1. Could you tell me which residue of segment 73-90 is farthest from Pro211 (Cα to Cα), considering only residues that are open to solvent by 80 Å² or more (accessible area, probe 1.4 Å) and not aromatic (Phe, Trp, Tyr)?
2. Scan segment 314-334 residue by residue and report those that are open to solvent by less than 20 Å² (accessible area, probe 1.4 Å) and assigned to a loop (DSSP other than H, G, I, E, B).
3. Please work out which one of (1) in a helix (DSSP H, G or I); (2) of a type outside the set (A, V, I, L, M, F, W, C); (3) closer than 30 Å to Thr206 by Cβ is the condition Asp9 fails and give its number.
4. Within the set of pairs 6 or more residues apart or between chains, which connect a residue that is open to solvent by 70 Å² or more (accessible area, probe 1.4 Å) inside segment 291-313 to a residue that is outside any helix (DSSP H, G or I) and not aromatic (Phe, Trp, Tyr) with Cβ atoms less than 6 Å apart?
5. Within the set of pairs 6 or more residues apart or between chains, which connect a residue that is at pLDDT 95 or above inside segment 199-218 to a residue that is not β-branched (Val, Ile, Thr) and not in a strand (DSSP E or B) with Cβ atoms less than 6 Å apart?
6. When you scan segment 36-46, do you find a residue that is without any contact (Cβ under 8 Å) to a residue 24 or more places away in the chain, outside any loop (DSSP other than H, G, I, E, B), of a type in the set (D, E, K, R) and exposed (fewer than 14 other Cβ atoms within 10 Å of the Cβ), even just one?
7. Would you please name the residue that is nearest to Gly5 (Cα to Cα), looking only at residues in segment 105-151 that are surrounded by 13 or more Cβ atoms within 10 Å (Cβ to Cβ) and among the β-branched types (Val, Ile, Thr)?
8. Look at Arg53 and say whether it is farther than 25 Å from Met199 by Cβ, open to solvent by 70 Å² or more (accessible area, probe 1.4 Å), among the basic types (Lys, Arg) and at pLDDT 90 or above.
Amino acid sequence: LFVEGIDRDINSDIVTNIIRGPLIDFTVTMAQRYAIPVRQGFAMEEWDGRAKRWVGRTADLPFADSRPLLLVPRTFVRRRRGTFSADRYYRHYVLPEIQQQHLNSNSNLVRVLKSGVVRPPFKKTLQALYPDVKSTNVDSTINHSALLDDYRQDAERNFTVIGHSDLAKATGSRPDWDRVLQDVLQVPVGNPSAHDYHMAVEALLTAVLYPALDFPVIEREINHGRKRIDISYTNIATSGFFYWMHAVHNEPCSYIPVECKNYGREVNNREFDQLIGRFSVQQGKVGLLCYRGFTDKNLAIQRCRDALLAGQGIMIPIDDADLEEIVAERKRSQDGLDLRWFFDRFQQITS
């Protein structure tokens with residue numbers, strides 16, 4: 001917005017270099033999870049934020065044309081270019097402020113219509129007087145810092161994470177909802193298949209709940225490793241249930257923990273208490289309990305109601321039949337932010 005010679009391309013290069021380390025870690029994790037072919041021992045440098053210096057490392061990475069390839073989380077991708085633009089800031093924030101200043105001071109640039117109505121100078125007139133975009137941005141922002149605050153807030157509101165429909169247009173592929181659902185339903189019930197159920201649920205929820213929830217971490221450690229969460233999602237929702245939980249219902253839910261129970265028996269208080277034990281104000285107090293359905297659903301909902309009334313947090317129970325309903329609704333929605341199923345289940349818990 002302000003510095004000559006710095007625009008989105010250079011800014012993108014700078015940021016990519018600074019976050020190269022986390023991108024390497026993300027790429028390695030994705031390559032392992034999805035069996036992407038890699039070449040061993042690529043030498044690269046990453047920024048050490050604590051030591052404030054560049055350090056060398058090697059990593060096993062995918063490759064393209066014999067060069068290492070870094071993957072980027074899909075939530076980093078924009079629908080349109082130029083989220084921040086010096087010219088847009090100048091035209092839509094700085095120039096209107098300058099117009100208002102001339103109007104307030106009744107300068108000789110103010111226009112008086114035949115009816116006697118006073119109008120500010122044309123933007124074209126001001127552009128001729130203030131042709132240096134970035135210098136004008138700097139001077140106006142120093143004198144009126146609220147301009148930058150307004151611009152940042154508007155840019156944040158207008159930022160839209162790329163969704164499945166956008167990815168489908170770009171790549172020609174979209175999630176196979178029936179397959180990821182069947183992968184869950186076909187897992188045999190019982191402890192020997194607990195890991196398979198865990199992984200199948202993660203694949204399904206990661207597809208269904210994006211872009212409200214993303215960045216799944218499997219077996220995430222909390223409390224210095226004393227506890228583990230089966231699946232932990234980062235809540236990035238800008239609308240829908242998981243946004244409503246925070247913005248309207250005032251529940252902390254930066255992260256959404258998911259516990260997976262592949263039991264062939266009733267899920268009882270112990271399993272619900274285990275999920276409650278993953279809650280905290282810092283991490284969040286909204287979670288999902290996925291189980292196979294070998295229990296009285298009304299009893300499961302009642303257990304969640306008891307926990308809510310006791311101030312212990314909000315648990316959403318989801319069995320196999322519920323997953324079928326969620327996937328059916330997901331097929332009808334464009335990008336999954338506003339699934340009604342979660343609102344309906346929450347209403348059952350609170351009623």
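The values are calculated or read from the model by the stated rules, or taken from the named source; none is laboratory data. Since the model is a prediction, treat every value here as computed from it, not as a measurement. Cβ atoms come from the backbone with ideal geometry, glycine included; neighbour counts cover every protein chain shown. Ligands, DNA and RNA are excluded from the accessible area calculation, which covers all protein heavy atoms including side chains. Shrake-Rupley method; radii C 1.70, N 1.55, O 1.52, S 1.80 Å.
1. First, the residues of segment 73-90 that are open to solvent by 80 Å² or more (accessible area, probe 1.4 Å): 76, 78-81, 84.
Then drop every residue that is not not aromatic (Phe, Trp, Tyr), which leaves 78-81.
Numbers: Arg78: 13, Arg79: 13, Arg80: 17, Arg81: 19 Å.
For segment 73-90, the residue satisfying everything is Arg81.
2. Here is the first cut: in segment 314-334, the residues open to solvent by less than 20 Å² (accessible area, probe 1.4 Å) are 314-319, 322-323, 326-327, 330.
Correct list: Asp319 only.
3. Result: Asp9 passes all but (3).
4. Every condition considered, the pairs that remain are Phe294/Gly264; Phe294/Arg265.
5. Between residues of segment 199-218 that are at pLDDT 95 or above and residues that are not β-branched (Val, Ile, Thr) and not in a strand (DSSP E or B), the close pairs are Ala200/Asp183.
6. Our first condition is that a residue be without any contact (Cβ under 8 Å) to a residue 24 or more places away in the chain; within segment 36-46, this holds for 40-41, 43.
Subset that is outside any loop (DSSP other than H, G, I, E, B): 40-41, 43.
Okay, now just the ones that are also of a type in the set (D, E, K, R), so none.
Scanning segment 36-46, I find no residue that is without any contact (Cβ under 8 Å) to a residue 24 or more places away in the chain, outside any loop (DSSP other than H, G, I, E, B), of a type in the set (D, E, K, R) and exposed (fewer than 14 other Cβ atoms within 10 Å of the Cβ), so the answer is no.
7. Only one residue tops the list, namely Val133.
8. Working: farther than 25 Å from Met199 by Cβ: yes; open to solvent by 70 Å² or more (accessible area, probe 1.4 Å): yes; among the basic types (Lys, Arg): yes; at pLDDT 90 or above: yes.
Taking the combined requirement at face value, the residue satisfies it.
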